[in-house]
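First up is the structure itself, then whatever we jot down about it.
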Number of protein chains: 4
Amino acid sequence: MSTITPPPRGFASDNYAGVLPEVMDALVEANRGPLVLAHEAAYGGDSMTARLSVLIKRHFGEKAVAFPVFNGTAANVISLLACCPRHSPAVICAENAHIHCDEGGAPEATAGLKLHTLKTERDDGKLTPKVVQSAIFDRDSVHRSQPGCVSISNTTELGTVYTAAEIKALSDVAHANGMLMHLDGARISNAAAALGGQPFRSFTTDAGVDIVSFGGTKIGAMGAEAIIVLNDSLLPALPFLRKTSMQLASKQRFASAQLCALLEPENKKNEEDNSSDDDAVIAGRIPCPTPLCVKYAAHANAMAALLNDGVKKLVPMIRLPEEQVGDIRANAIFPFLPHQVTSRLHANGWRFYVWAHITGQVRFMCSWDTEKEDIEQLLKALKYELEKNKL
Amino acid sequence: MSTITPPPRGFASDNYAGVLPEVMDALVEANRGPLVLAHEAAYGGDSMTARLSVLIKRHFGEKAVAFPVFNGTAANVISLLACCPRHSPAVICAENAHIHCDEGGAPEATAGLKLHTLKTERDDGKLTPKVVQSAIFDRDSVHRSQPGCVSISNTTELGTVYTAAEIKALSDVAHANGMLMHLDGARISNAAAALGGQPFRSFTTDAGVDIVSFGGTKIGAMGAEAIIVLNDSLLPALPFLRKTSMQLASKQRFASAQLCALLEPENKKNEEDNSSDDDAVIAGRIPCPTPLCVKYAAHANAMAALLNDGVKKLVPMIRLPEEQVGDIRANAIFPFLPHQVTSRLHANGWRFYVWAHITGQVRFMCSWDTEKEDIEQLLKALKYELEKNKL
Amino acid sequence: MSTITPPPRGFASDNYAGVLPEVMDALVEANRGPLVLAHEAAYGGDSMTARLSVLIKRHFGEKAVAFPVFNGTAANVISLLACCPRHSPAVICAENAHIHCDEGGAPEATAGLKLHTLKTERDDGKLTPKVVQSAIFDRDSVHRSQPGCVSISNTTELGTVYTAAEIKALSDVAHANGMLMHLDGARISNAAAALGGQPFRSFTTDAGVDIVSFGGTKIGAMGAEAIIVLNDSLLPALPFLRKTSMQLASKQRFASAQLCALLEPENKKNEEDNSSDDDAVIAGRIPCPTPLCVKYAAHANAMAALLNDGVKKLVPMIRLPEEQVGDIRANAIFPFLPHQVTSRLHANGWRFYVWAHITGQVRFMCSWDTEKEDIEQLLKALKYELEKNKL
Amino acid sequence: MSTITPPPRGFASDNYAGVLPEVMDALVEANRGPLVLAHEAAYGGDSMTARLSVLIKRHFGEKAVAFPVFNGTAANVISLLACCPRHSPAVICAENAHIHCDEGGAPEATAGLKLHTLKTERDDGKLTPKVVQSAIFDRDSVHRSQPGCVSISNTTELGTVYTAAEIKALSDVAHANGMLMHLDGARISNAAAALGGQPFRSFTTDAGVDIVSFGGTKIGAMGAEAIIVLNDSLLPALPFLRKTSMQLASKQRFASAQLCALLEPENKKNEEDNSSDDDAVIAGRIPCPTPLCVKYAAHANAMAALLNDGVKKLVPMIRLPEEQVGDIRANAIFPFLPHQVTSRLHANGWRFYVWAHITGQVRFMCSWDTEKEDIEQLLKALKYELEKNKL
């Protein structure tokens, strides 16, 4: 039997996927006025950004204000910069946080921040109040870089999901110690979907989060993220920090258009104007309908669950991390593969990352466009190679 | 007689204009594989970025390497950072340079650079060797922040254009003094067009420039600029500086697709593959055909010239700056208007910037989409208001 | 006739002079406990720093708090950093301010600050409300780096002196525009002496200044300056900013000892304890006696006045700047010398700086240790060379 | 029986100690010229700095160049900045390194550096090639902040000492991977003494170290450290980095005088000129005699050894860390004390730091001025309190 051919969609990362059709349509549309191609004011003075500002209030509460930026690195660094005054330039985070492992040192190089990285209690990438508390000491000592905020990711780098209650407990510790709370939501839609379609505000605004990095790119935008300010004391600084951090787009309407497409209700018709109920949603009189991004995230999560179910059947040829069993999980799984199996799959064109070279742990990540057939094909290929390896 | 209604396209800035149809087509196309929506490697490992790298060599010579970034602020700051080692963190520039007046202090705040700003000999925004030379002294004194590079803009902030010879003379001074040469090309296509369609390399690579901020957004991209490294000693650092400066796109293919669309020959058919003559163009055996961006820039420049001709006829009701008469100019003009005229035009919906509040100087900027009728309409409105004002 | 031999004390800078005998005595004494060489807590928890804190309140008012640092660059940069939140990182200053011309770019490189440098109305190095006002515009524009403070030097780089009223007028403009006021007092003792021995607080605390760089080194310390915080909203950040700026001394008692020696009454006997009247002085019930540093500064100023008188007699062989005639001046004069005269004096070992190569302006600076004979000798040498030059 | 009274010299830190008499004499002398109080050029152009430059070559080899700075934080941060180009801004160090735990975040805040902190193999604060190697991966990935150097401390924070061979092994790993080697020598004299009086160059220059933070303050200077550049490729940048880092002293002669006093032979007579053999020592024809700082360091180390011997006799009432038994150690010991004992000693005025609150580990540090009676007194007090605690 020959090897299994990989589908055109791999499992390397959700940022290998393309742009959602609804987002692409929104871009084309944003390039037109009602009749002709019209000019719009640069730097955010446009109609799409105005619409975005309403949508953000629908999803995050009436005090929420969004500042579109270009990528997740910037959303995180600017958020942290906003939270940390010059004399408290440290950030408490998990030792496997994206801001520590994957931003190339941007928080330190560009913003002068120091990260107090903490080992988590379990191998699930999640901070707990106890662990955060352990980093809070010598608060009046100049010899220790003072933390200005706690930063968590939802979903985490390990594909796990914090509940609203878990986040609230961390925010409480942060606030009780004079710090602010940042949530890196590069995959916030996947988190919302994993939490059963809970509204964003339930595990951000209502859970004491002060500022959010809202991720659009990984869930199908072309390239659009937003900093969402929930604590209005941070508002005056944000526009200036975004500019000096080189993240202000002149044609911002196209970033806003992408974010709007993600945040409009999933079943919105193009011709339909659903702004009539804006006030009611913002006031909480009617619930905020599920946005497009969460619909697609739910699909990606479901594909990962399907893959997980299939992978479990390959045990003991394959090993699963303990956390993978009980936790709420989103769109990625992290099994341990024999090195030869990984090599052979890579050689055959299968795309996925090796997460830890020593242990052989790998990451399979599903995207908004992952199809059921892709999963079946991958499971077939895994089974084939694992069995071949056993011989 | 009633006031003249402004067209949907204003004269505020070329970044108020939308996206070129060819660029929008390229984006839609980049979202598809040959048959299905396919994944592409993130962070530049994609096919569009590969094509961009060839196109950049066609236009800037075989040693040129492009690094797409999100906006002009970043293209400039990262370029300057690459040119300035830690112990020579100063930049020589004109006192009205964009990096000094309009980046919100990003070069200082984010990169720790100091700008040695110089008054130009004429009021045309252009540095000259003599002026640059005046800032080169105390080269071994630690009390003076040592310049690591000279930075010019082409076109300048005042709409004027440096010739290749003028740039060469500045590069020579820079290099003779151990400095590098940076060209801010936010409107480089307008400069090329104003220079009679000269290839980009004639006034960059061949004029001794070490690094270029290549502007795509103002000439019709959705949001894409590129740092073009011409001096290969700068190459090792660039990828890392781009990352720590928070300017690496995960779905970089879409930025590259925009830049490719701008740089392909203007008459390229979508179905046509013109990669066959890449080698010949790069080797200089056949000339590089005019790219799409220069075609559109020529149009914008022509519209500005038309406007200038019309405005001249309004003298002496309107005053023109001396430089506007003789210089090579691009897509903007800077006449002096009576304050009441400006106010009334603004009140009636005409969009343009006041350049200097005290003198009443204003800026009318043409874009790739400015139409002849827009100019005629503006001239009519100007004439109407000026005459009304005279009474 | 042979040339005139220069004395062992030159006119290059007051930082070429040595340490005051009273300061050296204080250092020796600080190294001893009452009976034996005893340990004292590091980082400011020592008895000399405790005494300094009282002395600072005597001189600057009961809210004043001092933070010793190592040099003037640091006193300035940390003060500016304290005044400028991250989103207002610009500083308004004169174009010949020390922070702009002589700190090697430290404000930009280390602190990310941008300097808005202004041309002064007269050639005296002094900002005026009108000039400061000209830099206050576009306060809500992210494209302009927003100023967080105004910084002046007293004495200025040109040896002139601001009156308390002039400073008050600038502070009012700063505060009315949401900015703070910084005074670079590298030669604050010379300013106080030039103002007729006015107490420091009259032209700082009482003139609306928020933070002061207090200079000790130029008036006879070995190396000790202090940041004096007058606006208590800046207090919480200062200790941390000093530490991250690498300016916290472990054996701080020796810096404090120097500053104490400078600030004790000029006629203090070593054995005498004058702490009995601390409360009365701080409460303003009895005047603060002239401190040692102002006594010595008055001497240096007097020597410069003597030199100025002598130089005036050499007109027209020598030219004086207009400002030198009418202004309140401190310990430096800035005449214009023929180039050959400067060269010959330098060749003969006379030490003074050329201030402006093109015009031939030079600076003669007097120190706490300049003697009357040194001035007479210099005047003789000047006369000799000027006459020789005329022939 | 009453409690034991602590001596005037505590065990908190060697920076609680005062200034060596020889250093104080040197300062007084540096303030005089041969006959009168004379001026000397500022910023290093003085005779003491000239002498320092010879002494540094005697101790570190003919290519060594010293740059005096004010404190250890600065010596470290500037050294690291010199080693790390903008695109490799990370530093590999032990997780208990001073630069990570005690600089208040200065490396990050001021210099934009990221620290890759590593757990050591044993609990001795010492990196090993294997551990360093574990941090060297993904060398071409922009997502990982690339290390530009390895930084170790000798002595370490835990009072242990690297041998020359151990340092050489680390330098080899650093250099083989394109990194430089930094040695934080805040207590380098104690290390030299612990290594049997080995010349400094044996475990720095000859062991492949590129740059050294030479500590003077803790071994009896008033406040003087030096960056010693051993790799001459770092020389051009250093003066500028020192200035922008705000560490250039105007009256540098006094810092140099302190360092000279520490580095002259221990038995130097004041009147004696020992510059005659400079060339021979630098050329290695005659050995470099033991400098004053190492003589005093040997005394401090001996006092710590005496204390250690006494403490061992208190086992098992007191617990010692394993490392304390076999390792080469310098002037500090780290036993574990019952909390009540620590509290009572502190209450009675004994000065020493709690190193780890949870385990009860404390640090007793000896200084150049610790006397045998101080040790005996401390041992008595310890014994008294431990026995009282046992009851």
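The values are calculated or read from the model by the stated rules, or taken from the named source; none is laboratory data. Model, not experiment: these values are computed from the prediction. FYI the Cβ positions are ideal-geometry reconstructions off the backbone, even for glycines, and counts take in every protein chain you see.
A few remarks follow.
- Failed criterion for C:PRO68 (all others in (1) outside any helix (DSSP H, G or I); (2) touching a residue at least 40 places away in the same chain (Cβ under 8 Å); (3) surrounded by fewer than 24 Cβ atoms within 10 Å (Cβ to Cβ) hold): (3)
- Selection count, the range A:325-341, where residues are buried (at least 19 other Cβ atoms within 10 Å of the Cβ) and not acidic (Asp, Glu): 9
- Test: residue in the range C:223-234 that is within 11 Å of chain A (Cβ to nearest Cβ) and over 21 Å from the mean Cα position of the chain (by Cα): yes
- Among the candidates A:GLY61, A:GLY72, residue that is small (Gly, Ala, Ser) and at positive phi: A:GLY61
- Meets criteria (surrounded by fewer than 19 Cβ atoms within 10 Å (Cβ to Cβ) and either without any contact (Cβ under 8 Å) to a residue 60 or more places away in the chain or within 9 Å of another protein chain (Cβ to nearest Cβ) (or both)) for C:VAL54: no
- In this structure, C:VAL131 does not satisfy being at pLDDT 95 or above, in the same structural domain as C:HIS182 (by TED's automatic domain parsing), surrounded by 19 or more Cβ atoms within 10 Å (Cβ to Cβ) and not aromatic (Phe, Trp, Tyr).
- Residue satisfying all of: in the range D:344-376; part of a helix (DSSP H, G or I) and more than 27 Å from the chain's Cα centre (by Cα); surrounded by the most Cβ atoms within 10 Å (Cβ to Cβ) among these: D:LEU345
- Residue in the range B:358-379 that is more than 19 Å from B:ALA300 (Cα to Cα) and of a type in the set (Phe, Trp, Tyr) present: no
- For the range C:57-74, residues that are of a type outside the set (Val, Ile, Thr) and either facing another protein chain (nearest Cβ under 9 Å) or closer than 17 Å to C:SER250 by Cα (or both) total 7.
- Hits in the range A:167-200 (condition: under 15 Å from the mean Cα position of the chain (by Cα) and either in the same structural domain as A:ALA304 (by TED's automatic domain parsing) or of a type in the set (Lys, Arg) (or both)): A:ARG187
- Test for C:VAL341: is it out of contact with any Leu (no Cβ under 8 Å at 6 or more places or on another chain), more than 14 Å from chain D (Cβ to nearest Cβ) and on the phi < 0 side of the Ramachandran plot: no
- All positions within the range C:108-123 that are more than 7 Å from every other protein chain (Cβ to nearest Cβ) and small (Gly, Ala, Ser): C:ALA111
- Among the residues of this structure, D:ALA82 counts as one that is closer than 29 Å to C:PRO239 by Cα and either part of a helix (DSSP H, G or I) or not assigned by TED's automatic domain parsing to the domain that holds D:ARG285 (or both).
- Residues considered: C:ALA26, C:ALA42. Of these, the only one that is small (Gly, Ala, Ser) and in a helix (DSSP H, G or I) is C:ALA26.
- Of the helices (runs of 4 or more DSSP H) that lie entirely inside the range C:114-219, those containing 3 or more residues that are over 29 Å from C:LYS57 (Cβ atoms) and in contact with a helix residue (DSSP H, G or I) (Cβ under 9 Å, 6 or more places away or on another chain) span C:129-134.
- Here B:CYS84 meets the list (1) away from every other protein chain (no Cβ under 11 Å); (2) modelled with pLDDT of 95 or more almost entirely, failing just condition (1).
- Test: B:PRO8 is surrounded by fewer than 18 Cβ atoms within 10 Å (Cβ to Cβ), within 7 Å of another protein chain (Cβ to nearest Cβ) and either closer than 25 Å to A:PRO68 by Cβ or under 23 Å from the mean Cα position of the chain (by Cα) (or both): yes
- Qualifying residue in the range B:89-102 (condition: crowded, with 24+ Cβ neighbours inside 10 Å, within 13 Å of chain C (Cβ to nearest Cβ) and more than 23 Å from the chain's Cα centre (by Cα)): yes
- Check on C:VAL315, within 27 Å of the chain's Cα centre (by Cα) and on the phi < 0 side of the Ramachandran plot: no
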